[in-house]
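Notes for the one structure printed next.
The values are calculated or read from the model by the stated rules, or taken from the named source; none is laboratory data. Just so you know, these numbers come straight off a predicted model, no measurement behind them. For neighbour counting, all protein chains shown are included, and Cβ atoms are generated from backbone atoms with ideal geometry for every residue, glycine included. All accessible areas refer to the heavy atoms of the entire protein, side chains included, with ligands and DNA or RNA removed. Shrake-Rupley method; radii C 1.70, N 1.55, O 1.52, S 1.80 Å.
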Amino acid sequence: MCNYKDKRDILSMSLAELEGICVQNGQQRFRSRQVFQWLHLHHAVSFSEMTNLPAQFRLYLEENFYISLPKIEKKLVSAIDHTVKYLYRLGDGECVECVMMEYQHGNSLCVSTQVGCRMGCRFCASTIAGFVRNLTPSEMLSQIYTSELDSGREVSSIVLMGIGEPLDNYENVLRFLHLLSSPDGRNMSLRHVSLSTCGLVAQIDALAREKLGLTLSVSLHAPNDAIRNTMMPVNRRYPVAQLMDACRRYIRSTGRRISFEYAIVAGVNDSLACAQELAARLRGMQCHVNLIPVNPVRERNYRTSQRNVIERFKRDLEQRGINVTIRRTLGADIQAACGQLRREREEGSGAD
Ligand code: SAH
């Protein structure tokens, strides 16, 4: 399947690295910027498109590098709200998902960071078949570029909330963010990027030191260890109190507020006592809570709470001074919850 053997992944390379290649190859430095722009601004899919480069240099690039682009394995368009869900096939045959959502302020793209996931959250379809591998920076970028090329719509914000745990693929995600925000390339402000984590404390601390300006979302989903342990195995490694301490450190050192994700599950974490305990945990923190009606996954028995229960939970938090929103459900008709499409294909039961 993969015909990239012996070639290098050019879309994952920084401008400085490309400069090194140009110099090594007897080319002038400015050529590196041209290549970088072909890749990150003009979304070139082959070296032959790079017509302002000397023919010989193009040939050299062709022989030594590849441009990593996924194939569209499947595409679902919501009849309700223009949400588009892509199943992308990567160079080695693995598949990941990516979802484009339309908001008033523009299109937001939900990007995957790993093939599968090792975190084991009980309600999440991405983790059921385990972890396969990390995505490279280029495989994350090319989800954006391919979605834009295919849809003709510009992506104005990114959420790292697709398949995988971004902080479990820390180096590649960081390189992806640097490439995405490079002024010579795509130049996306990291203010328009949200990174969602299940709560890997050591990496949250490392990320805080980077001061990237992105929004950190923390998948909390429960107010205490007793409930969180039943939903998220990661809680045994980093219990709620430790996670909260890391969040406070993150807010202190970056000056950015944190968004806490709370997937609301009937009979598990939707009681008045949970709302009270959650509010007490978050009191005085610069944060926001995003309530997500849990998306039922076939293999699991979690169900979402009734709308009035979710509304009441929201009011309870608000009365205790917490900022709360309820996430709008987008793409309900096309299984937009992460990991569901890839699961279907793996099982060979995907209906076309
Ligand atoms: N691994 C990261 C990002 C991927 S999941 C994380 O854990 O944050 C993105 C968000 O969707 C997380 O908040 C996750 O907990 C939530 N999620 C996963 N499956 C869900 C489901 N079935 N219903 C509602 N939210 C879900």
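Residue count for the range 180-207 under the criterion of being open to solvent by 10 Å² or more (accessible area, probe 1.4 Å) and either more than 15 Å from the ligand (Cβ to nearest atom) or at pLDDT below 95 (or both): the result is 14.
In the range 263-286, of all residues being open to solvent by 30 Å² or more (accessible area, probe 1.4 Å) and either in a helix (DSSP H, G or I) or of a type in the set (Lys, Arg) (or both), the one that is nearest to the ligand (Cβ to nearest atom) corresponds to ARG281.
Looking at (1) more than 16 Å from the chain's Cα centre (by Cα); (2) at pLDDT 95 or above, find the lone condition where TYR103 falls short. Every condition holds for TYR103 apart from (2). The selection criterion, being at pLDDT below 95, buried (at least 21 other Cβ atoms within 10 Å of the Cβ) and more than 30 Å from ASN229 (Cβ to Cβ), holds for THR83. Within the range 275-294, residues that are within 18 Å of ALA226 (Cβ to Cβ) sit with their Cβ atoms under 6 Å from residues that are of a type outside the set (A, V, I, L, M, F, W, C) and within 16 Å of the ligand (Cβ to nearest atom), at 6+ positions apart or across chains, in these pairs: GLU277/PRO223; LEU278/PRO223; ARG281/PRO223. Beta carbons closer than 7 Å, at least 6 apart along the sequence or on distinct chains, pair a first residue in the range 229-241 that is free of Cβ contacts under 8 Å to residues at least 24 places away in the same chain with a second that is within 14 Å of the ligand (Cβ to nearest atom) for ASN229/ASN235.
Annotation: LEU341 fulfils all but one of (1) at pLDDT below 95; (2) aliphatic (A, V, I, L, M); (3) within 23 Å of the chain's Cα centre (by Cα); (4) open to solvent by 10 Å² or more (accessible area, probe 1.4 Å); the unmet one is (4).
Among all residues of the range 129-146, there is at least one that is modelled with pLDDT under 95 and in a loop (DSSP other than H, G, I, E, B). Scanning the range 287-301 for residues that are more than 7 Å from the ligand (Cβ to nearest atom), part of a loop (DSSP other than H, G, I, E, B) and in contact with a helix residue (DSSP H, G or I) (Cβ under 9 Å, 6 or more places away or on another chain) yields a total of 3.
Within the set LEU69, LEU15, the sole residue that is modelled with pLDDT under 95, open to solvent by 10 Å² or more (accessible area, probe 1.4 Å) and in contact with a Ser or Thr (Cβ under 9 Å, 6 or more places away or on another chain) turns out to be LEU69. Restricting attention to the range 115-164, the residues that are near the ligand (Cβ under 9 Å from one of its atoms), open to solvent by less than 10 Å² (accessible area, probe 1.4 Å) and either of a type in the set (D, E, K, R) or in contact with a Lys or Arg (Cβ under 7 Å, 6 or more places away or on another chain) (or both) total 2.
Does the range 209-220 hold any residues that are open to solvent by less than 10 Å² (accessible area, probe 1.4 Å) and not polar (S, T, N, Q), and which are they? Result: LEU214, LEU216, VAL218, LEU220.
I'd like to check something: does the range 255-262 contain any residue that is part of a loop (DSSP other than H, G, I, E, B), open to solvent by less than 10 Å² (accessible area, probe 1.4 Å) and either at pLDDT 95 or above or farther than 23 Å from GLN114 by Cβ (or both)? Looking through the range 255-262, none of the residues is part of a loop (DSSP other than H, G, I, E, B), open to solvent by less than 10 Å² (accessible area, probe 1.4 Å) and either at pLDDT 95 or above or farther than 23 Å from GLN114 by Cβ (or both).
Only one of the listed residues (VAL297, VAL324, VAL289, VAL309) is farther than 17 Å from LEU220 by Cα, modelled with pLDDT of 95 or more and among the β-branched types (Val, Ile, Thr). That residue is VAL309. Could you say whether any residue in the range 192-215 is in contact (Cβ under 8 Å) with a residue 24 or more places away in the chain, assigned to a loop (DSSP other than H, G, I, E, B) and among the small types (Gly, Ala, Ser)? Yes, there is a match, as at least one residue in the range 192-215 is in contact (Cβ under 8 Å) with a residue 24 or more places away in the chain, assigned to a loop (DSSP other than H, G, I, E, B) and among the small types (Gly, Ala, Ser).
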